[in-house]
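A quick write-up on the structure given underneath.
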Amino acid sequence: MSLAQRPRPEPDRDSAPWWEAVRRHELTVQRCDGCGTLRFPARTVCNRCRSRAYAWVPARGTGRVYSWVVNHQVFMRSMADEVPFPVLLVRLDDGAEQGDDLLMYGNLTGGDVAGLRPGLPVEAVFVDFDEETTLVQWRPAG
């Protein structure tokens, strides 16, 4: 399916640098310059120390399934061929090592819905839908 038939992401002031990195097939997260906390999604202020200083840093693109939902309803006719439609909530390894809950959503690709389980190792996959839009999806690692 082409992205023209799907809802498109709309970058905002905080997320635009992340979408630009994804377009280059780079997974990044914010790191607070005040306390070093990693955070995603992007935001202006650190939840831990309230600092407004941050940098975008590379993430490894690996994690573990924290939770998921499998959509069996056809909410958009243009996506009918994608049902069931699994959406994963992934706990990134980068955050887990620092004790931060660094969570990212994405669709499952290259795996079977029946094989989903908590803690399943996954890796990021970049899917180019057109010249302007790339999405991050997740596949079982290995």
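Restricting attention to segment 80-105, the residues that are part of a strand (DSSP E or B) and either hydrophobic (A, V, I, L, M, F, W, C) or on the phi > 0 side of the Ramachandran plot (or both) total 8.
The set of residues in segment 77-86 that are more than 17 Å from Leu108 (Cβ to Cβ) and out of contact with any helix residue (DSSP H, G or I) (no Cβ under 8 Å at 6 or more places or on another chain) comprises Arg77, Ala80. Of all residues in segment 55-77, those that are more than 13 Å from the chain's Cα centre (by Cα), open to solvent by 100 Å² or more (accessible area, probe 1.4 Å) and under 27 Å from Glu123 (Cα atoms) total 3. Among the residues making up segment 60-74, a single one is assigned to a loop (DSSP other than H, G, I, E, B) and either at positive phi or in contact (Cβ under 8 Å) with a residue 60 or more places away in the chain (or both): Gly61. Note on segment 75-116: residues that are touching a residue at least 60 places away in the same chain (Cβ under 8 Å), in contact with a Leu (Cβ under 7 Å, 6 or more places away or on another chain) and hydroxyl-bearing (Ser, Thr, Tyr) total 0. If the condition is being surrounded by 14 or more Cβ atoms within 10 Å (Cβ to Cβ) and β-branched (Val, Ile, Thr), then segment 110-126 contributes Val122, Val125. Filtering segment 4-54 to residues that are open to solvent by 40 Å² or more (accessible area, probe 1.4 Å), in a strand (DSSP E or B) and at pLDDT below 95 leaves nothing. Restricting attention to segment 101-142, the residues that are in contact with a Ser or Thr (Cβ under 6 Å, 6 or more places away or on another chain) and over 23 Å from Val70 (Cβ atoms) total 1. For Thr44, work out the one condition from (1) within 21 Å of Asp12 (Cβ to Cβ); (2) under 13 Å from the mean Cα position of the chain (by Cα) it doesn't fulfil. Of (1) within 21 Å of Asp12 (Cβ to Cβ); (2) under 13 Å from the mean Cα position of the chain (by Cα), only one is false for Thr44: (2).
The values are calculated or read from the model by the stated rules, or taken from the named source; none is laboratory data. These numbers were taken from a predicted model, which means no experiment stands behind them. All Cβ positions, glycine included, derive from the backbone under ideal geometry; neighbour counts span all protein chains shown. Accessible surface is based on the protein model in full, side chains and every heavy atom, while ligands, DNA and RNA are left aside. Shrake-Rupley method; radii C 1.70, N 1.55, O 1.52, S 1.80 Å.
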